[in-house]
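Any read-out appearing in this document is the output of simple, stated calculations on the displayed coordinates, not a laboratory observation. Source: prediction; values computed, not measured. We place every Cβ from the backbone using ideal geometry, glycine too, and count neighbours over all the protein chains shown.
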Amino acid sequence: MEKVYRTLTYGEIPLRLDSGKGWVFPKGVEIKAKVNMDTGEVTFFIEPQDLEALK
């Protein structure tokens, strides 16, 4: 069984991949984590709709 979690840094700030489209506050897409609840394996991923922002 797999479960998806939001990743956080410094408290409640989402972990983001910088897309280079920002000046004062970097813009980016949120990185999420998929956890296999049986093995403990963690896979980081970006939602398909967010991939457009990186192109």
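Counting only DSSP H runs of at least 4 residues, each contributing -39500 (n - 2.57), and dividing by the residue count of the chain, the helix-based mean residue ellipticity at 222 nm comes to -3000 deg cm²/dmol.
Among (1) 59; (2) 72; (3) 63, find the value of percent of Cα pairs over 13 Å apart that was calculated from the structure presented, and write down its label. Identified label for the calculated read-out: (3).
Taking every C-alpha pair closer than 8 Å and separated by at least 6 residues, the mean separation divided by the residue count of the chain gives a relative contact order of 33 percent.
Taking Cα centre as origin and charging only the Cβ of basic (Lys, Arg, +1) and acidic (Asp, Glu, -1) residues, the dipole magnitude of the chain rounds to 200 debye.
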